[in-house]
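Enquirer: Structure in structure tokens, see below.
The values are calculated or read from the model by the stated rules, or taken from the named source; none is laboratory data. A quick note: this is a predicted structure, and the numbers were derived from the prediction, not measured. Backbone-built Cβ (ideal geometry, glycine too); neighbour counts: all protein chains shown. Keep in mind that these areas ignore ligands, DNA and RNA; they rest on the heavy atoms of the full protein, side chains included. Shrake-Rupley method; radii C 1.70, N 1.55, O 1.52, S 1.80 Å.
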Amino acid sequence: EVDANGCPIREKQNLDKIARRIQFHKGTDKPLNSAYTAFSDVVSIMRHNKKIAIEIHCSVKQGEAMVPQSLSEARATVIYDFLVNKGIKEERLKATGYGLHLPSNVRGHTKLNPVGVRLIPHNFAQE
């Protein structure tokens with residue numbers, strides 16, 4: 001069950017909280033070991049709710065990379081690839097790197113971290 005913004009209602013399925021648990025080794029696109037639990041939580045949510053699609057937004061901290069855009073795109077791709085490898089259909093996912101800053105307000109999400117990982121759910125229309 002989702003709210004008006006397409007966000008899962010149950011506490012454990014709150015994608016904003018899961019996204020905060022996804023962290024990478026500094027300056028790399030290698031996730032910390034603890035991030036894999038969060039990845040698995042996302043897979044579980046998506047397997048149980050076939051109507052959710054997710055936009056994966058990534059950014060990096062100032063000074064973390066020589067080319068922040070490339071690193072943020074690589075990190076988004078790592079998350080995307082993990083989900084696809086676990087059986088989530090590509091058409092339900094979109095991965096975008098934003099360099100140093102995530103967009104400030106996406107679909108009513110005003111209190112999101114300006115840097116890091118963001119998982120934005122929306123309804124997926126199956127054809």
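Enquirer: Select from the range 30-85 the residues that are acidic (Asp, Glu) and closer than 13 Å to Ile18 by Cβ and list them in ascending order.
Expert: First pass over the range 30-85, keeping only residues acidic (Asp, Glu): 41, 55, 64, 73, 81.
The one that is acidic (Asp, Glu) and closer than 13 Å to Ile18 by Cβ: Asp41.
Residues are listed down the side, and each one gets a yes or a no for (1) open to solvent by 50 Å² or more (accessible area, probe 1.4 Å); (2) modelled with pLDDT of 95 or more; (3) over 23 Å from His101 (Cβ atoms):
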site: Lys50; (1), (2), (3): yes, no, yes
site: Ala65; (1), (2), (3): no, no, no
site: Ala74; (1), (2), (3): no, yes, no
site: Thr77; (1), (2), (3): yes, yes, no
site: Val84; (1), (2), (3): no, yes, yes
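Enquirer: Select from the range 101-127 the residues that are open to solvent by 50 Å² or more (accessible area, probe 1.4 Å), assigned to a loop (DSSP other than H, G, I, E, B) and either among the aromatic types (Phe, Trp, Tyr) or at pLDDT 65 or above (or both) and list them in ascending order.
Expert: Hits for the range 101-127 are His101, Ser104.
Enquirer: Shifting gears a bit: Here are the criteria: (1) under 13 Å from the mean Cα position of the chain (by Cα); (2) charged (D, E, K, R); (3) farther than 14 Å from Tyr98 by Cα. Tell me which single one Lys30 does not satisfy.
Expert: (1)
Enquirer: Looking at (1) modelled with pLDDT of 85 or more; (2) under 15 Å from Arg75 (Cβ atoms); (3) among the basic types (Lys, Arg), can you tell me which one Arg20 breaks?
Expert: Of everything listed in (1) modelled with pLDDT of 85 or more; (2) under 15 Å from Arg75 (Cβ atoms); (3) among the basic types (Lys, Arg), Arg20 misses just condition (1).
Enquirer: Is there a residue in the range 27-35 that is in a helix (DSSP H, G or I), out of contact with any Leu (no Cβ under 7 Å at 6 or more places or on another chain), open to solvent by less than 50 Å² (accessible area, probe 1.4 Å) and not aromatic (Phe, Trp, Tyr)? Reasoning before the result, please.
Expert: Step one: of the range 27-35, the residues in a helix (DSSP H, G or I) are 35.
Okay, now just the ones that are also out of contact with any Leu (no Cβ under 7 Å at 6 or more places or on another chain), so 35.
Right, trim to open to solvent by less than 50 Å² (accessible area, probe 1.4 Å) and you get 35.
In the following step, the residues that additionally are not aromatic (Phe, Trp, Tyr) were identified as 35.
Yes, the range 27-35 contains at least one residue that is in a helix (DSSP H, G or I), out of contact with any Leu (no Cβ under 7 Å at 6 or more places or on another chain), open to solvent by less than 50 Å² (accessible area, probe 1.4 Å) and not aromatic (Phe, Trp, Tyr).
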